[in-house]
1. When a/c is below 1.5 the answer is rounded, else prolate if a/b is larger than b/c, else oblate, so apply that to region 52-134 with a ≥ b ≥ c taken from the square roots of the Cα gyration tensor eigenvalues.
2. Can you tell which of Ala120, Ala102, Ala73 shows the greatest fluctuation in a Gaussian network model of the chain with Cα springs below 10 Å?
3. Rounded to the nearest percent, how much of the accessible area of region 57-161 (1.4 Å probe, protein heavy atoms only) is carbon and sulfur?
4. Of all alpha-carbon pairs in region 1-72, indicate the percentage at a distance above 19 angstrom.
5. Suppose all protein chains stay in the model; what accessible area per residue would a 1.4 Å probe give for region 1-53, in Å²?
6. Round to the nearest 0.05 the FRET efficiency obtained for Leu76 and Asp139 when R0 = 35 Å and r is the Cβ-Cβ distance.
7. For the chain, modelled as a Gaussian network with Cα springs under 10 Å, which listed residue fluctuates most, Asp43, Asp92, Asp153?
8. Quick one: go through region 123-152 and flag any residue whose amide nitrogen is under 16 Å from the point 7 Å out along the Cα-to-Cβ line of Glu40.
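The values are calculated or read from the model by the stated rules, or taken from the named source; none is laboratory data. From a predicted model like this one, the values you see are computed outputs, not experimental measurements. Neighbour counts are summed over all protein chains in view; Cβ atoms, including those assigned to glycine, are modelled from backbone coordinates with ideal geometry. With ligands, DNA and RNA removed, areas are computed over all heavy atoms of the protein, side chains included. Shrake-Rupley method; radii C 1.70, N 1.55, O 1.52, S 1.80 Å.
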Amino acid sequence: MTKSHLQKLTEASQVYGQRAFDNYAQIRSIAETLRDGFCEWMDNKEQCVFLVPPKGEFTSQNYGSAAFSVSGANFLPLEPIAFGLAVKISTDNDFMRLTLLARKEGERMFLSLENGDTIAVDLPTTKAGLVSVYETLYDHIMHWFTGRVERYDDGDYGTADIGFDIQRMSGTEPKDAPPKIV
């Protein structure tokens, strides 16, 4: 018995859905590992990295599935997925959001940063294998600050780039209050 066009289409969409879920699950796993491991690598005394949405307002909390660009999609797309890491950058509870775009190719995950740098991660990940990722993320943030200070000191700090999302989190505001942008 031959399959109808609808049956073939249904089967193709089921395979697509399985791959899309696999893609999301692997990217989410990497994102959660980066959140926990990067914080531990920097300072394991307090939580200093949160998984946040790649755009819009955020607070210093983990957003779960809402931290991913595919959140709320009725049909999970099979495409690269963006997520944000909110990294504590001061003792005043200031957080900077790093937005990463993750795509899987074979047995590697590629993480692209806002400035165009791409980090390759072998799958499955290992704790030792992620140290270079943490170093790259840290260097990326440090360069953002030191580069701007150097340009200011040299008298050339007026650029057209928008920069990072930096927000101060206050423990006295209600959870649903919009964060202050610093």
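1. Oblate is the answer for region 52-134, as a/c is 1.5 or above yet b/c matches or exceeds a/b.
2. Evaluated over the chain, the most mobile residue of the options is Ala73.
3. Accessible surface attributable to carbon and sulfur in region 57-161 totals 50 percent.
4. The calculated P(r) of region 1-72 puts 52 percent of pairs beyond 19 Å.
5. That works out to 66 Å² per residue.
6. 0.60
7. Per the Cα network of the chain with a 10 Å cutoff, Asp153 tops the list.
8. 125-135
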